[in-house]
1. Counting only residues that are β-branched (Val, Ile, Thr) and under 19 Å from the mean Cα position of the chain (by Cα), which one in the range 237-293 is most open to solvent (accessible area, probe 1.4 Å)?
2. Please tell me if Lys246 is outside any helix (DSSP H, G or I) and basic (Lys, Arg).
3. What tally of residues in the range 317-363 results from selecting those that are of a type in the set (Asp, Glu) and farther than 19 Å from Trp48 by Cα?
4. In the range 115-146, what residues are open to solvent by less than 40 Å² (accessible area, probe 1.4 Å) and part of a helix (DSSP H, G or I)?
5. Give the number of residues within the range 149-178 that are over 19 Å from Pro304 (Cα atoms), open to solvent by 40 Å² or more (accessible area, probe 1.4 Å) and either in contact (Cβ under 8 Å) with a residue 60 or more places away in the chain or of a type outside the set (Gly, Ala, Ser) (or both).
6. Out of the range 309-356, which residues are assigned to a helix (DSSP H, G or I), open to solvent by less than 10 Å² (accessible area, probe 1.4 Å) and among the aromatic types (Phe, Trp, Tyr)?
7. For the condition closer than 27 Å to Ile276 by Cα and of a type in the set (Ser, Thr, Tyr), what is the one hit in Tyr153, Tyr202?
8. Would the range 360-369 turn up any residue that is farther than 24 Å from Ala129 by Cα, part of a helix (DSSP H, G or I) and open to solvent by 10 Å² or more (accessible area, probe 1.4 Å)?
Amino acid sequence: MNISKTQRGRAAAAVSVAAVLALTATACGDDGTQSGTEGSGKGDITFWDNNGGPRTAIWTEIIKDFEKKNPGIKVKYVPIPITDVQSKYDTAIAGGGLPDVGGVGTAYLANMVAQEALEPLTDRIKDSALKGRLVEGMVESVKDAGGRGDDMYTVPTSANNGAIWYRTDLFKAAGLDAPTTWADFYKAADRLTDSKKNKFGYTIRGGAGSIAQAMDAAYGQSGITEFWNGDKTTLNDPKNVAALEKYVALYKKATPAADLNNDFTKMVAQWDTGTIGMLSHNLGSYQDHLKALGKEKFAGIPNPVGDGGTRVQVSNPVDGLGLFRSSKNKTAAWKFIEFAASHASNSKWNESAGAIPANTEAAKDPWISETASTELAAKALTDGSTKIVQLPYYLPDWNNISKADNEPEFQKLLLGKVTTKAFLDKIADELNKAQAEWKRIGNG
């Protein structure tokens, strides 16, 4: 979950230079880099939820609790779909209109820090009830992703983990073991498919968010545990090429053709209402599965173990809450962040989402052991059984490269219009250039 101190130092320099350029470009406009004010600690604040829709109900409940405890503050809740959140922030940073508080994941944190949109929170945390009550691994991830040494630009609220969700009823009927190994995974994908009856062994993510899932499948099978080999990425290593080639071959053979355009909401909905055997998604969809299928028909386990007997997976972003520099009521906004990250609220939110809490007290609550998928995921991340390939969230270009720039290319790959090698070579070339630029500025 951590990036080295050396990398963090280089990132700090790189992002600092980028920030100066961003400020120069926007200094005369009404943008999101304005300094704002502390305010009176009363009045209205605006909160942008970076996963609006799936998390609206639980945030509504937490906001009600907060307003009851702080009657002088009103929170305007704005749900932003997860697929739109970075573009919404970028637009507001350039033209104004940022919220006081917003959900900010480590996948796009460096980009926002570079644009000077977020208030540093290190000193506020030291003087608050959150001091010493945040899971250290998540704190380190937030620092690393922000790229400015020990400065924190979000308060971590949760960590997620990839999981294989599988239909226990369908597996039992077919006499299949749980897909704990990649061999079992492919066996089940084939055995549970009967396309004439619209039954499939797996649903693959072909739309928004597809690249991270593809990387997870590649590294998980290849067993490669480092993202960089010197200054070059291992992404297009021949072992990863072979692994991803096998994985994408499932499309339309053991998956629905509609998967080509599936983002996570479509993919999850399709799995919950259909007769598909397996789904790769993080812990966040647990409640959706529970409501749709009931506790007895599904289970979630960590990603499959490779041929070498080791589980390898790519790092998952840490979610958090950021205080925006342009806020005119930072005192009230910080009160909301403190409340949302407190034991009770953080536990309530993560239990609803099926995620791993960032509050150390919440992480000990009984519901963790009562939710098997979350307990297994937390154990996999802490017992040494899983090797994590650290993705370079610190690169300002990471989110564009790993999302919008190459998601259409992944669809071409599924359709057979490009080869797996060409697909991975393209992304690798872009990452190598981004890494070289990051180092060049950082060493300058």
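The values are calculated or read from the model by the stated rules, or taken from the named source; none is laboratory data. Remember, predicted model here, so these are calculated numbers, not experimental data. No Cβ is skipped: glycine too gets one built from the backbone with ideal geometry, and neighbour counts run over all protein chains shown. What goes into the accessible areas is simple: the full protein's heavy atoms, side chains included, and nothing from ligands, DNA or RNA. Shrake-Rupley method; radii C 1.70, N 1.55, O 1.52, S 1.80 Å.
1. Thr265
2. no
3. Residues meeting the conditions: 2.
4. Correct list: Thr122, Ile125, Gly137, Met138, Val139, Glu140, Ser141, Val142, Lys143, Asp144, Ala145, Gly146.
5. Number of matching residues: 3.
6. Selection gives Phe336 alone.
7. Residue meeting the stated conditions: Tyr202.
8. Looking for residues that are farther than 24 Å from Ala129 by Cα, part of a helix (DSSP H, G or I) and open to solvent by 10 Å² or more (accessible area, probe 1.4 Å), one finds at least one in the range 360-369, hence yes.
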